[in-house]
Amino acid sequence: MKTLSKKTLTKSFNHWFYGNLTCFSQEHMQTFGYMLSMLPVIKELYDTNEERTQKLKTYSTFFNTEPQVGSVVVGITTGMEEARANGEDVDDETINGIRAGLMGPLAGIGDSLVVGTLLPILLGIALGLSGGGSPLGAIFYILVWNIGMYFLMRFMYFKGYELGGKAVEVLVGEKANAIRESIIMLGTMVIGGVTASWINITTSFKMLNSEGGVIVDLQKTLNDVYPSLLSAVFVLICWYLLSKKRMSPLLVMLILVAVAFVGVLVGFFDPGLSY
């Protein structure tokens, strides 16, 4: 039976702690940081380079979450990878389903607790200690943030690892599909809520009569029929291009930039800028 050593687990966690934003880009986000964290795990569990390459490809799919709380996801998949190496019925779809399903909810939790609550508190204390140009505020923030986050992330990682190993029987048992689909659905709901909150596309297109009066206000008409219709249409188009046409996120973003540029140029969109 293959069991990951404490040294390998610590190395995997350290890679995530300082490297979760490795090669960060809009297209990949934390994907390469995740692969960096899984590298020592894959090396210890599998003997040949062919096996290692195949298993590492599992973690090449898009990943992005709040990195502190998200440490638990890395720990869970580490435990699942160990179970897979020991012959458990764990496949790429199961692992990536858990990753994709958990990254959204954990991002919401982490952003609220860490970014929205803990960071402002620490910065408020640090600013108070910095009165008169004192370096104590900066020293306090650097030490408390880095030491505190290290132990928090380490705790989350190893708890995730323990859960990953114990959860395999449930995740690959009779209720596996229902559990996996529930997690994915929860993540999809969170992403949908973020989409509805942050995406707002409107048009300034109007049809005027010969006297300059408005005959048709397209945005007002759309609001009467289906509020935020343009936002929904653009989201569905992006999903279609990414999911069905297999376009890269970078190419889709370039298409959106081109559409926005042409739309503003012809007057269909109004950015509200004045020169």
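The values are calculated or read from the model by the stated rules, or taken from the named source; none is laboratory data. Given the structure is predicted, the values throughout are model-derived calculations rather than measurements. Cβ coordinates were reconstructed from backbone atoms using ideal geometry, including for glycine residues, and neighbour counts include every protein chain displayed.
Structure notes:
- Residue match in the range 138-149 (condition: assigned by TED's automatic domain parsing to the domain that holds residue 63, aromatic (Phe, Trp, Tyr), more than 19 Å from the chain's Cα centre (by Cα) and farther than 29 Å from residue 62 by Cα): yes
- Matching residues, the range 22-44, being of a type in the set (Asp, Glu) and part of a loop (DSSP other than H, G, I, E, B): 27
- Selection count, the range 45-91, where residues are over 21 Å from the mean Cα position of the chain (by Cα), acidic (Asp, Glu) and in a loop (DSSP other than H, G, I, E, B): 4
- Residue pairs whose Cβ atoms lie under 7 Å apart, separated by 6 or more positions or on different chains, with the first residue in the range 106-135 and in contact (Cβ under 8 Å) with a residue 60 or more places away in the chain and the second in a helix (DSSP H, G or I), are 108/190.
- Among residues of the range 1-16 that are modelled with pLDDT of 90 or more, those with a Cβ under 6 angstrom from a residue that is small (Gly, Ala, Ser), sequence gap 6+ or separate chain, pair up as 12/37; 15/37; 16/37.
- Looking only at the range 116-134, residues that are of a type in the set (S, T, N, Q) and out of contact with any helix residue (DSSP H, G or I) (no Cβ under 6 Å at 6 or more places or on another chain) come to 2 in all.
- In the set (1) modelled with pLDDT of 80 or more; (2) touching a helix residue (DSSP H, G or I) at 6+ places or on another chain (Cβ under 9 Å); (3) not in a helix (DSSP H, G or I); (4) not aromatic (Phe, Trp, Tyr), residue 159 fails one condition alone, (3).
- Residue match in the range 116-138 (condition: at pLDDT below 90 and within 19 Å of residue 16 (Cα to Cα)): no
- Residue 98 at pLDDT 80 or above and over 28 Å from residue 35 (Cβ atoms): no
- Those residues of the range 96-136 which are surrounded by 18 or more Cβ atoms within 10 Å (Cβ to Cβ) and either more than 20 Å from residue 66 (Cβ to Cβ) or aromatic (Phe, Trp, Tyr) (or both), in sequence order: 126
- Subset of the range 238-268 (residues that are β-branched (Val, Ile, Thr) and surrounded by 13 or more Cβ atoms within 10 Å (Cβ to Cβ)): 252, 255, 259, 264
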